[in-house]
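Engineer: Below: one structure in structure tokens.
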Amino acid sequence: DVKVTQSSRYLVKRTGEKVFLECVQDMDHENMFWYRQDPGLGLRLIYFSYDVKMKEKGDIPEGYSVSREKKERFSLILESASTNQTSMYLCASWTGAFYQPQHFGDGTRLSIL
Amino acid sequence: ELKVEQNPLFLSMQEGKNYTIYCNYSTTSDRLYWYRQDPGKSLESLFVLLSNGAVKQEGRLMASLDTKARLSTLHITAAVHDLSATYFCAVDRLFGGATNKLIFGTGTLLAVQP
């Protein structure tokens, strides 16, 4: 089974801090994704990566950046955290085969005070 | 711009009853995914639908795809309490593309009452 591990389940940070969310997958997948989930809005794509050091903006990239130095690890960075970035963040990985779904981590609930 | 709408947003149903969740999307796509999310948990894949007329079944759940109508349905047969969860559909925004950039619906919260 695919395992996608997010480093923290819960995180509390202060406004203006630089925040790192880490995600690791163990199935050698090329593609990895970061989403945020908010009530009534479903999941929205922040960034995705289709190879090491390759990235592409999703629908809501403002205020975020990403890093993919190794295939198994995809990091989401909040450059200067703001209260409107309080949310659930979900990481996913994908094989590249369309008959396979994306596999999600357990999520990080981030609160910015 | 692709939009994905699910209805209903909230569904309370009795055990043993049947019901259908609808997922409409606004532009052409040939890949649709259904996920389940339990409270406080991550998303679990239920079905992958890749062609017009595709039908998949697992237990009391059956999903279908009509690409011409831009509609997918998730049918629940003889609901049981264990099916209580939030259900999401997600559509690949690039028809025939090489990536898997999904647009998610807002989700349907299903509560099955004894």
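The values are calculated or read from the model by the stated rules, or taken from the named source; none is laboratory data. Only a predicted model underlies this, so the values are computations on that prediction, with no experimental measurement involved. Methodologically, a virtual Cβ is constructed for each residue, glycine included, from the backbone with ideal geometry; neighbour enumeration extends over all protein chains shown. When the accessible area is computed, the model is the full protein with side chains, heavy atoms only, and any ligands, DNA or RNA have been set aside. Shrake-Rupley method; radii C 1.70, N 1.55, O 1.52, S 1.80 Å.
Engineer: Please turn the phi angles of the stretch A:104-109 into ³J(HN,Hα) values with the Karplus equation 6.51 cos²θ - 1.76 cosθ + 1.60 (θ = phi - 60°), one per residue in order, whole Hz, x for glycine and proline.
Structural biologist: Each residue of the stretch A:104-109 in turn: 9, x, 6, x, 10, 8 Hz.
Engineer: Return an integer: the convex hull volume of the alpha-carbon atoms of chain A, in Å³ per residue.
Structural biologist: Details: hull volume 10.9 nm³, N = 113.
Residue-normalised Cα hull volume stands at 97 Å³.
Engineer: With Cβ to Cβ distances under 12 Å as the rule, what net charge do the other residues near B:Leu50 carry (K, R +1; D, E -1)? Walk me through the numbers before you get to the answer.
Structural biologist: Details: positive: B:Arg31, B:Lys56; negative: B:Asp30, B:Asp92.
Charge balance in the 12 Å sphere: 0.
Engineer: Averaged over B:43-52, how many beta carbons belonging to a partner chain fall within 10 Å of each residue's beta carbon? It would help to have the intermediate numbers written out before the result.
Structural biologist: Values: counts 12, 3, 6, 1, 1, 5, 1, 2, 0, 0.
Mean partner shielding for this stretch: 3.
Engineer: Rounded to the nearest Å, what's the spacing between the alpha carbon centres of the stretch B:8-22 and the stretch A:44-113? Just the number, please.
Structural biologist: Here the answer is 32 Å between Cα centres.
Engineer: Given springs between every Cα pair under 10 Å in a Gaussian network model of chain A, which of A:Phe98, A:Phe48, A:Phe74 has the largest fluctuation?
Structural biologist: Between A:Phe98, A:Phe48, A:Phe74, it is A:Phe98 that shows the largest mean-square fluctuation.
Engineer: For an R0 of 41 angstrom, estimate the FRET efficiency from the Cβ-Cβ distance between A:Arg73 and B:Lys56 and round to the nearest 0.05. Please report the intermediate quantities before stating the final value.
Structural biologist: Working: r = 33 Å, r/R0 = 0.80.
Calculated transfer efficiency: 0.80.
Engineer: Within 10 Å of each Cβ in A:93-101, how many Cβ atoms from other chains are there, averaged over the peptide?
Structural biologist: Numbers: counts 0, 3, 1, 3, 2, 10, 4, 4, 12.
Rounded to a whole number, the mean comes out at 4.
Engineer: Taking all protein chains in place and a 1.4 Å probe, what share, in percent, of the accessible surface of chain B do carbon and sulfur account for?
Structural biologist: Working: 2770 of 5400 Å².
C and S fraction of accessible area: 51 percent.
Engineer: Another question, then. Using packing as a proxy for protection, rank B:31-40, A:14-23, B:78-87 so that the peptide with the highest average count of other Cβ atoms within 10 Å comes first. Display every interim value, and only then the final one.
Structural biologist: Details: B:31-40: 19.1, A:14-23: 14.9, B:78-87: 16.5.
In decreasing order of mean packing, B:31-40, A:14-23, B:78-87 become B:31-40, B:78-87, A:14-23.
Engineer: Also, I was wondering about something else. Modelling each spin label as a point 7 Å along the Cα-to-Cβ direction, I'd like the A:Arg44/A:Arg14 distance in nm, to one decimal.
Structural biologist: Calculated label separation equals 2.8 nm.
Engineer: Need one value for A:37-43: mean number of C-beta atoms belonging to other chains within 10 Å of its residues' C-beta atoms.
Structural biologist: On the way: counts 5, 1, 2, 3, 3, 11, 11.
Mean partner-chain Cβ count within 10 Å for A:37-43: 5.
Engineer: Please report, in whole Å, how far the alpha carbons of the protein assembly as shown spread along each principal axis, starting with the longest.
Structural biologist: Dimensions of the protein assembly as shown along the principal axes of its Cα atoms: 50, 39, 34 Å.
Engineer: Additional query: 5 Å is the cut-off here: which amide hydrogens, built 1.01 Å from N in the peptide plane, fall below it relative to A:Leu43, excluding neighbours closer than 5 in sequence?
Structural biologist: Correct list: B:Phe104.
Engineer: Continuing with the same structure: Any idea what diffusion coefficient the stretch B:4-113 gets from Stokes-Einstein, in µm²/s, Kirkwood Rh on alpha carbon pairs, 37 °C, 0.692 mPa s? The partial results should precede the final answer.
Structural biologist: Details: Rh = 13.9 Å.
Answer, rounded: 236 µm²/s.
Engineer: Checking the cross-link filter: which lysines have an alpha carbon closer than 17 Å to that of B:Lys3, excluding same-chain neighbours under 8 positions apart?
Structural biologist: Excluding near neighbours in sequence, the set is B:Lys68, B:Lys101.
Engineer: Determine which aspartates and glutamates satisfy two conditions relative to A:Lys71: a Cα distance under 16 Å, and not lying fewer than 8 residues away in the same chain.
Structural biologist: Qualifying aspartates and glutamates at Cα under 16 Å: A:Glu22, A:Asp26, A:Asp28, A:Glu30, A:Asp51, A:Glu56.
Engineer: Have a look at the stretch A:1-64 and give its Rg and Dmax from the Cα atoms, expressed in angstrom.
Structural biologist: Both quantities, over Cα of the stretch A:1-64: 13.2, 38 Å.
Engineer: Any idea how far apart B:Ser12 and A:Met54 come out in nm if each label point goes 7 Å out from Cα toward Cβ?
Structural biologist: Using points 7 Å along Cα→Cβ, the separation is 5.0 nm.
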